[in-house]
Amino acid sequence: MASEVDYPLVSIIVPMYNVGKFALPCVRSLLSQTYPNIEILIVDDGCTDNTIDLIEDTVGDDPRVVIHHKENGGLSSARNYGTQRCRGNYLMYVDGDDLIDPRTIELMVEAALKYQVTLVAGSFAKTPLLENYEIEQAAEFKVESGAERFRKLLLFNGESGSACGKLFARSLIPCLAFPEGQLFEDMGVIASICSRVGEIAFSDAPFYAYVTRPGSITTFKKQGPKHAQDMDETIETVRLIAGSGFKDEFECFRAYCTLRVAMRVDLDAFGDRAEGRSYLKRARELVGRASRSPLASRTWRLRCMLFAISPKAHNAFYAFYAAVSGKAIG
């Protein structure tokens with residue numbers, strides 16, 4: 001029998017809330033992992049539909065799957081619940097309607113052991129509804145410092161700040177406490193981890209498929225004061241981590257994050273429309289400065305410049321790019 005040294009246990013934490021049949025491709029992608037030593041923790045976050053019944057029928061008596069039930073508390077609450085109960089030497093987060101490539105865990109664990117790192121990161125693809133997902137390109141891993149990864153997060157250049165699509169060593173669990181009830185919660189957690197680890201292994205291979213569907217958390221929805229407030233809280237968390245060593249990069253980060261909310265702002269959602277207009281004005285000032293930063297990529301400079309001139313022009317460009325390329329850009 002293989003030992004934990006040969007195949008360390010990997011815990012896959014999967015929050016589930018009312019995704020119904022869309023949970024099944026996700027669960028099947030986890031059951032089909034080529035890596036032999038996994039536990040799948042399905043966290044029923046107070047589902048009120050048939051999601052859990054469908055999952056139970058799909059997994060049957062598979063000993064790798066454990067379903068935990070809790071009152072609804074949101075994505076962060078469900079992740080924290082699963083993290084506190086996982087047994088793995090490594091852990092990974094997968095959202096309930098997303099998918100991963102069958103070799104994801106095998107290749108990420110291989111990289112973690114080869115390079116002796118506590119964090120392994122892959123890329124992701126935004127996809128329509130899928131029954132299964134496999135990447136077509138070869139998966140090559142490289143090593144970089146945690147500081148460089150943090151810099152990439154600040155510049156939105158190769159690091160999304162998402163907790164998904166990553167493999168975490170158990171030693172990082174104290175850092176994996178997601179702020180409950182807060183939107184955009186991942187970025188502060190990932191920023192903190194990147195600032196603490198010496199090196200990480202990473203690959204540009206899109207192991208993780210973010211599925212976009214009507215009603216999913218990744219679709220283009222109007223946003224209001226809670227989105228603005230929660231993003232500001234995340235920005236402040238990252239500001240404290242950045243300190244004076246990444247001052248210019250942080251200014252880009254603040255502009256990009258504010259733009260991500262401002263481009264979707266619904267003024268009618270604000271009790272006082274003047275508050276919403278003030279947020280838009282501040283966003284245009286921030287992105288105007290970022291558009292002149294030599295650290296900003298060409299795409300982000302263009303986005304920032306367009307939004308500073310005309311939010312409508314920016315949103316039209318964004319929609320066109322997404323339709324042509326098949327992917328979003330922040």
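The values are calculated or read from the model by the stated rules, or taken from the named source; none is laboratory data. These figures come from a predicted structure and were not determined experimentally. Neighbour counts are summed over all protein chains in view; Cβ atoms, including those assigned to glycine, are modelled from backbone coordinates with ideal geometry. Calculation scope for accessible area: heavy atoms of the full protein, side chains included, ligands and nucleic acids excluded. Shrake-Rupley method; radii C 1.70, N 1.55, O 1.52, S 1.80 Å.
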**Distance histogram for the range 220-330 (every C-alpha pair counted, 5 angstrom bins, percent rounded to whole numbers)** = 2, 12, 22, 23, 21, 13, 6, 1
**Request:** Could you give the spread of the C-alpha atoms of the range 154-236 along their three principal axes, from largest to smallest, in whole angstroms?
**Result:** 38, 28, 24
**Asked** Under the rule of -39500 (n - 2.57) per DSSP H run of 4 or more residues, summed and divided by the residues of the chain, what mean residue ellipticity at 222 nm is obtained, to the nearest 500 deg cm²/dmol?
**Response** -13500 deg cm²/dmol
**Asked** Within the accessible area of the chain, what % is carbon and sulfur when the probe is 1.4 Å and the other protein chains stay in place?
**Response** 51
**Sequence of K21, K221 from largest to smallest accessible area, 1.4 Å probe** = K21, K221
**Message:** Rolling a 1.4 angstrom probe over the protein chains, ignoring ligands and nucleic acids, what is the accessible area of C26 in square angstrom, nearest 10?
**Reply:** 0
**Request:** Go through Y279, Y7 and list them by solvent-accessible area, largest first, probe radius 1.4 Å.
**Result:** Y7, Y279
**Asked** If you wrap a convex hull around the C-alpha atoms of the range 49-137 and split its volume per residue, what is the figure in Å³?
**Response** 150
**Complete:** Of all lysine pairs in the chain that are eight or more residues apart or on different chains, those with Cα atoms under 17 Å apart total 13
**Item:** Of every Cα-Cα pair in the chain, the percent that sits beyond 36 Å
**Value:** 18
**For the chain, with +1 on Lys and Arg beta carbons and -1 on Asp and Glu, the positive-most of T48, L75, P15 along the dipole** = L75
**Asked** Accessible area of K142, 1.4 Å probe, to the nearest 10 Å²?
**Response** 120
**Item:** Pair-distance profile P(r), taking every C-alpha pair of the range 11-60, with 10 angstrom steps and integer %
**Value:** 25, 59, 15, 1
**Message:** What number does the range 100-243 give for Rg over Rh if you use C-alpha atoms and the Kirkwood radius?
**Reply:** 0.97
